[in-house]
Every structure is written in structure tokens, then in C-alpha cells.
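Worksheet: one structure, shown below.
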Amino acid sequence: MEAAAAVRAFTQDVITPQQQVVVEAEAAARELAARLEQNAEHLREVAELTELRERLPELEKAAEIAKAAYTTARQDTDLMVKQGTDRWSRHALRRMQACDPEVNTVSISSKNSSPSPSTESRSTPGSSPGTG
């Protein structure tokens, strides 16, 4: 029985404390592994931010070029609409004056392109009496 007591004492005095040390070390290792993974993720994010920071001037320049191209295209489109509206106004005025010489002006909306004749003596932008 003495052998059993000695084994129990050895287990209680030596093995159990060592098992506790191992369990604590494993828990610490798991915590460190989790922190390591978090830090690795942060490093990936920092690397991505660094790359984006380096590309920022290039991206800003590309955005500036795109904005200028859009502005130019928008101005060209506005000019083409105005020129088309002006041509349509002159054409409509000639046609309406051919039917009714009392028509002095024609107002064309760039929104709906429908002519609105007027026998008033004032001119509207884009059309003038007697153009043609």
C-alpha cells in the first residue's frame, strides 16, 4: 500500500503541478498565436495602406484627367445641343414665316425641341427675325 501512497504523492506533488504548467503554457501559446495572427493581419493592412499611399499621386492625377475629360465632353455636348437648337430655331422660323409672315420669333426649348411661334416683335436667344 505504501507503493500506492508513494505513487499518489508523486502524482500530486510532481505530476499535477507539471500538468498545470503545461496547460498554462498551452493557453499562453494559443493566446500568442491569436495575437500573432492579429498582428499579421495588421501588417497586411499597413502594407496595403502603404501601397495605396504610394499610388495616391498617380490616382489623383488620373482622377484629375478624368474630371477634365468629363468637363470637356459635357461642354462639347452642351455646345452641340445649343448649335442644334439654334439650327432648329432658324429652320422653324423660316418655315413658320413661310406659312404666316406675322410670325417674328420662334422659341425652341432644348428640353422638348417643340417650336412655339410668336407674333411679338421681340427676339429670343437662338433665333432672330428674318434669319435664313
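Observations
- Of all residues in the range 40-72 being over 30 Å from S109 (Cα atoms) and β-branched (V, I, T), the one that is most open to solvent (accessible area, probe 1.4 Å): I65
- Summed over the range 88-97, residues that are over 10 Å from I108 (Cα atoms) and of a type in the set (D, E, K, R) total 2.
- Residue count for the range 1-31 under the criterion of being at pLDDT 95 or above and open to solvent by 100 Å² or more (accessible area, probe 1.4 Å): the result is 3.
- Whichever residue in the range 73-124 is touching a helix residue (DSSP H, G or I) at 6+ places or on another chain (Cβ under 6 Å) and modelled with pLDDT of 75 or more and, among such residues, is surrounded by the most Cβ atoms within 10 Å (Cβ to Cβ): V106
The values are calculated or read from the model by the stated rules, or taken from the named source; none is laboratory data. Small disclaimer: the values here were computed from a predicted structure and weren't measured. Here Cβ is always computed from backbone atoms with ideal geometry, including for glycine, and neighbour counts include all displayed protein chains. Accessible surface areas use protein heavy atoms only, side chains included; no ligands, DNA or RNA. Shrake-Rupley method; radii C 1.70, N 1.55, O 1.52, S 1.80 Å.
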